[in-house]
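A.B. asks: Got a structure for you, questions after.
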Amino acid sequence: MAQYEALLEPLQIKGMTIRNRFLSTSHQPVYNEGGRPSERYIRYQEEKAIGGIGLAQCGGATGIAPENSYHYGQIDGSDDSVIPYYKELSGRLHKHGAVCTIQLTHGGRRERWDSSNWLPTFAPSSRREPVHRSFPKEMEEFDFERIRQCYADAAVRCREGGIDGVEVTFASLTLIEQFLSPAVNHRSDEYGGSLENRMRFGLEVLARVRKAVGDDYVVGIRLPGDELLKEGLGQEECVEISRRLATSGLIDYISVVGATPHDYIGTAKIWPSMWLPSAAFLHLASGIKAEIDLPVFHATRIVDLATAERALADGHVDMVGMTRAFIADPHFPKKLREGRVDDIRQCVGATYCIDRVVVGHDAVCIQNAATGREQTMPHVVPKAEKPRRKVVVVGAGPGGLEAARVSAERGHDVVLFERDGVVGGQTILAGKVAWREPLSGVPRWLDSQIKKLGVDLRLGVEADADMVRAENPDVVVIATGGRPNPGYFKGAEHCTTTWDILSGRVEPGEHVLLHDDQGAETGPVAALFLAQRGAKVEVATPERKLAVELGECTFPAHLAELYKAGVVITADHRLTEVYPEGNKLVAVLRNEYAQDMEEERVVDQVVAEHGTLPNDEIYFVLKPHSRNLGDVNLLALAANEDYRVTANPEGTFELYRVGDALTSRNIHAAIYDSLRLCKSF
């Protein structure tokens, strides 16, 4: 498309021809097994190649030495047994027209000593690392030589495996950046102090890598444009580092990120959620681009076409990292080429994918349940082989919308009832504070798709069992969501729910205690909503910390906003009773560990959050009339096999529940429920 011609231009770096400027930057979704690329990982990368990306940078933080951990799905590139796996990965990507690199990393002190090979961590200086909480060994002469050679050997394995290039990590506060950063490097020898000394180790690594792979092989680096860290590397020094590296003759491109994960707030910045704007650090990449004569990549969250095109057309960068955009929709470039821009499912920045990774879980997209499940779940839903069926869906939250979309893609006639005048369900409440508004993109895309597919959407209609049966359905999906549950303490009837507050049904009190016994987003969102409307808010939770269910890229954002708003946070305390006293409420909090210790709060309002209870009345009325009595063969469902149950041969339709209509979970669970059920209708 002429409108986005810069994105579709090829780029040549030595012998590597990249067909367009779409870049999936190096990251690790925790799909690999035993340090080797798994079939699941290869299919995940291959889907993006099928979808049209130009460059897939694979193997995020691939380990190069035995002390590097790969327990959470990283690739172990430290011995030759990885080469056949590289050949399979590169071959599959090349088949679909994409090229690929591997990112080589030594974690330094950003590792755990008590995993993988149980070896100590290494760093320029013996200073504790705040996130991984490791105490590293200060490197000696023989450590330098061994690690330099480990990088070179790992690069050779990539070349022998058909990988098109390597990216050496000078970022994410891994070992080489630990030498570069004055906040971490406290040495007084030739590797510490001046910039020249702090750059020495990184240049030695690059020289060893270049000698090993030859001058014709692509070698790049990932570098911060500004660590955004007190006593760390500032923008000016990062530009100077890039100048020296670019003129060294050792590298072919620089991939630029912003911030560094020195601590939790740094983690939330380097892998930013919707808390920060799209392309928040593009100016850092642009500043480096203006000073060097090498291709510059941008590797920090650009998710939309307009920003990506402008970044290229205006000369800020040469490649646009859109990794999470391709997690949300791996067919993004293909849809652009086909003129189907409206069909692109845009990343909303929930960062559910990375939040899971940093605690060792596999990456999944909050809105695309097929990503990472390419072996079992379709990105393009095929038409059903059987005749058209009538599918009735009740409830147009994310689960109901996905059920309607997938059923319509299968070619069925779909009726979707929604009692409210708009679609979206709980996502409407979830976006009630300004920085969370992008979540509205989840139902917005689904709504646009079901309208294109001709779904009969009936808004403002609260369906009952008779209305559903009058449609003569073959399949009924109950996606009616949940209702707020304050909890099970004495006096719960005196409390207000987070939903009452966020929906505006109840005005905030002056002094408010919010009890969060869920641990996810709802409590912090409601607390901030209250504080922004003038309430003096204390949040109490029985957990060790607030937002215990949220990952390292999300909870710092919530905490930063709450503390800025003056919210008081009290951990380790459970609400046990609420009772009225005059025109006030008394809330009794019990210490979870010293259980004979209780405290009281006298407040105007108590807001309680304890997840949801299913809105399941219509389900139980319909259940006796269904063939399966609402049952599902869970083992078969989990194995992607025929899950249908015939418990009532006299029944006239199949009946299923999804999302919070089943039990309190989250957006991804509701969408995944619907995809894996409805793809077989």
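A.B. asks: Looking at the range 471-494, I want the residues that are on the phi > 0 side of the Ramachandran plot and have a partner that is surrounded by fewer than 21 Cβ atoms within 10 Å (Cβ to Cβ) with Cβ atoms under 6 Å, at least 6 apart or on another chain. Which pairs are those?
C.D. replies: That search, which allows pairs on different chains as well, returns 481/615; 487/517; 491/577; 491/579.
A.B. asks: Yes or no: the range 617-624 includes at least one residue that is touching a helix residue (DSSP H, G or I) at 6+ places or on another chain (Cβ under 7 Å), surrounded by fewer than 15 Cβ atoms within 10 Å (Cβ to Cβ) and modelled with pLDDT of 95 or more.
C.D. replies: yes
A.B. asks: A further question follows. Please work out if residue 375 is modelled with pLDDT under 95 and more than 26 Å from residue 302 (Cβ to Cβ).
C.D. replies: Judged against the criteria, residue 375 is not a match.
A.B. asks: In this structure, does residue 670 turn out to be of a type in the set (Gly, Ala, Ser), within 21 Å of residue 621 (Cβ to Cβ) and not assigned by TED's automatic domain parsing to the domain that holds residue 348?
C.D. replies: no
A.B. asks: Test residue 38 against the criterion of being in contact (Cβ under 8 Å) with a residue 60 or more places away in the chain and either touching a Lys or Arg at 6+ places or on another chain (Cβ under 7 Å) or surrounded by fewer than 24 Cβ atoms within 10 Å (Cβ to Cβ) (or both), and give yes or no.
C.D. replies: On the way: in contact (Cβ under 8 Å) with a residue 60 or more places away in the chain: no; either touching a Lys or Arg at 6+ places or on another chain (Cβ under 7 Å) or surrounded by fewer than 24 Cβ atoms within 10 Å (Cβ to Cβ) (or both): yes.
So residue 38 fails the test.
A.B. asks: Being surrounded by fewer than 24 Cβ atoms within 10 Å (Cβ to Cβ), in the same structural domain as residue 315 (by TED's automatic domain parsing) and closer than 26 Å to residue 329 by Cβ is the requirement here; does residue 50 meet it?
C.D. replies: Here the answer is yes, as residue 50 does meet what is asked.
A.B. asks: Among the residues of the range 75-84, is there at least one that is polar (S, T, N, Q), more than 23 Å from residue 254 (Cα to Cα) and more than 21 Å from the chain's Cα centre (by Cα)?
C.D. replies: So far as the range 75-84 goes, yes, one or more of its residues are polar (S, T, N, Q), more than 23 Å from residue 254 (Cα to Cα) and more than 21 Å from the chain's Cα centre (by Cα).
A.B. asks: Look at the range 134-160 and say how many of its residues are surrounded by fewer than 22 Cβ atoms within 10 Å (Cβ to Cβ), not charged (D, E, K, R) and not in a helix (DSSP H, G or I). If you could, list the steps in order and put the result at the bottom.
C.D. replies: First, pick out the residues of the range 134-160 that are surrounded by fewer than 22 Cβ atoms within 10 Å (Cβ to Cβ): 134-135, 137-138, 140-146, 148-149, 152-153, 156, 159-160.
This time we only want the ones that are not charged (D, E, K, R), so: 134-135, 142, 144, 149, 152, 156.
With not in a helix (DSSP H, G or I) added as a condition, the list becomes 134-135.
Number satisfying all stated conditions: 2.
A.B. asks: Could you list, in sequence order, the residues of the range 652-664 that are in a loop (DSSP other than H, G, I, E, B) and either under 25 Å from residue 470 (Cβ atoms) or out of contact with any strand residue (DSSP E or B) (no Cβ under 9 Å at 6 or more places or on another chain) (or both)? Before the answer, list the steps.
C.D. replies: Here is the first cut: in the range 652-664, the ones in a loop (DSSP other than H, G, I, E, B) are 652, 658, 662-664.
Passing the criteria: 652, 658, 662.
A.B. asks: Run down 260, 267 and say which single residue is in contact with a strand residue (DSSP E or B) (Cβ under 7 Å, 6 or more places away or on another chain) and surrounded by 20 or more Cβ atoms within 10 Å (Cβ to Cβ).
C.D. replies: 260
A.B. asks: Follow-up question, since we're still on this one. Please state which one of 155, 183 is under 21 Å from residue 262 (Cα atoms) and among the small types (Gly, Ala, Ser).
C.D. replies: Every option except 183 fails the conditions.
A.B. asks: Name the single residue, out of those in the range 305-345 being of a type outside the set (D, E, K, R) and without any contact (Cβ under 8 Å) to a residue 24 or more places away in the chain, that is surrounded by the most Cβ atoms within 10 Å (Cβ to Cβ).
C.D. replies: From the range 305-345, those of a type outside the set (D, E, K, R) are 305-308, 311-313, 315-317, 319-323, 325-328, 330-333, 336, 339, 341, 344; that's our starting set.
If we keep only those that are without any contact (Cβ under 8 Å) to a residue 24 or more places away in the chain too, we end up with 306, 325.
Working: 306: 11, 325: 26.
Filtering first and then ranking leaves 325.
A.B. asks: From 457, 416, which residue is at pLDDT 95 or above and surrounded by fewer than 23 Cβ atoms within 10 Å (Cβ to Cβ)?
C.D. replies: Values: 416 fails: surrounded by fewer than 23 Cβ atoms within 10 Å (Cβ to Cβ).
Within the list 457, 416, the selection yields 457.
A.B. asks: A further question on this structure: Return the pair list, or none, for Cβ contacts closer than 6 Å from residues in the range 162-179 that are assigned to a loop (DSSP other than H, G, I, E, B) to residues that are acidic (Asp, Glu) and crowded, with 24+ Cβ neighbours inside 10 Å, at least 6 apart or on different chains.
C.D. replies: What qualifies is 170/177; 171/177.
A.B. asks: Only one of 83, 42 is over 20 Å from residue 218 (Cβ atoms), out of contact with any strand residue (DSSP E or B) (no Cβ under 7 Å at 6 or more places or on another chain) and outside any loop (DSSP other than H, G, I, E, B). Can you tell me which?
C.D. replies: 42
The values are calculated or read from the model by the stated rules, or taken from the named source; none is laboratory data. Please read all numbers here as calculations on a predicted model, not as lab measurements. Positions of Cβ are backbone-derived with ideal geometry, glycine not excepted, and every protein chain shown enters the neighbour counts.
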